[in-house]
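Here is the structure we will look at, set down as structure tokens.
The values are calculated or read from the model by the stated rules, or taken from the named source; none is laboratory data. Note that the coordinates shown come from a computational prediction; the quantities given were computed from them, not determined experimentally. Here the Cβ positions follow ideal geometry from the backbone for every residue, glycine too, while neighbour counts run over all protein chains shown.
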Amino acid sequence: MFSAQVAELSRDFRCINIDFRGHGESARPPRRFAMTDQADDYRKVLDHLGIERAAIVGLSMGAMAAMHFAVAHPGRVSGLVLMNTSAEPEPPAARAKDMALAVMARLFGVGAFIKKQVAPLMFGERFRAERPEVVAAWMDRIARLDRKGLYRAVTMVMSRPAVGPRLAELRVPTLVVTGDQDVATPPALGQKIAETIPGAELRLLPRTGHLSAIEEAEVTTKLIRVALERISARS
């Protein structure tokens, strides 16, 4: 998801791109896990690599975990870029729908029906119309994920606790990015995060959905670069 950003930013920054549990090439989670476990994976990776502090860039679930990590280990975080995400629990109606889809995916795999339901959550209306081949390729990638791993990852996101009330404790440079066509985590959620973290900056991307790093790769890269330069200057 961040391949375009890593290719550009790694010229000037050390970039560590993590496949979370149940995603990419990571092994299937052997049991259910919580958002706090996912957040602690940031710590484990940093510890393993001998890194004391880092700027954390996350989108959606990755940003949710980043917020939990930051409030639990504020000394390990030099800055945050939080994209298309939420600091609140999942609304009951959305949780029920997404869990139903996750159960279907676990039992029968990610077929045409699930792809049709998920695509509008992941990509904005404009991008789906202009780049259907990219949307189809990403839906196929989701379909290749391990069924149980995908189910446990969705369960983790849907059952996440609120972290919003603790964000006011943070004292690190923070950029919040959201898309105005994001229906999975609507812009108001990003605005609330930006209003809670002292000094946070909010950027709204027009005609952009949930996966802004893919839909607006070049713009996203520039935003992250500026944020990292500011974080580095402060550090």
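A few comments on the model shown:
- Selection within segment 179-235 - under 27 Å from Pro74 (Cβ atoms), in contact with a Leu (Cβ under 8 Å, 6 or more places away or on another chain) and assigned to a loop (DSSP other than H, G, I, E, B): Ile197, Pro198, Ala200
- Looking across segment 158-169, the residues that are assigned to a helix (DSSP H, G or I), surrounded by fewer than 20 Cβ atoms within 10 Å (Cβ to Cβ) and in contact (Cβ under 8 Å) with a residue 40 or more places away in the chain come down to Met158, Gly164, Arg166, Glu169.
- Of all residue pairs spaced 6 or more apart or on separate chains, those with beta-carbon atoms under 7 Å, a first member in segment 5-18 that is over 16 Å from Arg53 (Cα atoms) and a second member that is hydroxyl-bearing (Ser, Thr, Tyr) and at pLDDT 95 or above are Gln5/Thr220; Gln5/Thr221; Glu8/Thr221; Leu9/Thr221.
- Only one of Ala70, Ala65 that is in contact (Cβ under 8 Å) with a residue 60 or more places away in the chain, surrounded by 18 or more Cβ atoms within 10 Å (Cβ to Cβ) and in a helix (DSSP H, G or I): Ala70
- Residues in segment 40-60 that are assigned to a helix (DSSP H, G or I) and surrounded by 21 or more Cβ atoms within 10 Å (Cβ to Cβ): Tyr42 only.
- When the residues of segment 5-23 are filtered to those that are touching a helix residue (DSSP H, G or I) at 6+ places or on another chain (Cβ under 9 Å) and modelled with pLDDT under 95, the one that is surrounded by the most Cβ atoms within 10 Å (Cβ to Cβ) is Gly22.
- Residue check for Arg203: within 30 Å of Arg234 (Cβ to Cβ), touching an Asp or Glu at 6+ places or on another chain (Cβ under 8 Å) and of a type in the set (Lys, Arg): no
- Candidates are the residues of segment 99-145 that are part of a loop (DSSP other than H, G, I, E, B) and modelled with pLDDT under 95; the one that is surrounded by the most Cβ atoms within 10 Å (Cβ to Cβ) is Val110.
- Subset of segment 170-227 that is among the small types (Gly, Ala, Ser) and in contact with a Phe, Trp or Tyr (Cβ under 6 Å, 6 or more places away or on another chain) - its residue that is surrounded by the fewest Cβ atoms within 10 Å (Cβ to Cβ): Ala213
- For the residues Phe69, Phe2, Phe13, Phe20, the requirement of being of a type in the set (A, V, I, L, M, F, W, C), closer than 27 Å to Lys222 by Cβ and over 15 Å from the mean Cα position of the chain (by Cα) singles out Phe13.
- Residue within segment 74-92 that is part of a loop (DSSP other than H, G, I, E, B), hydrophobic (A, V, I, L, M, F, W, C) and in contact with a helix residue (DSSP H, G or I) (Cβ under 6 Å, 6 or more places away or on another chain) present: yes
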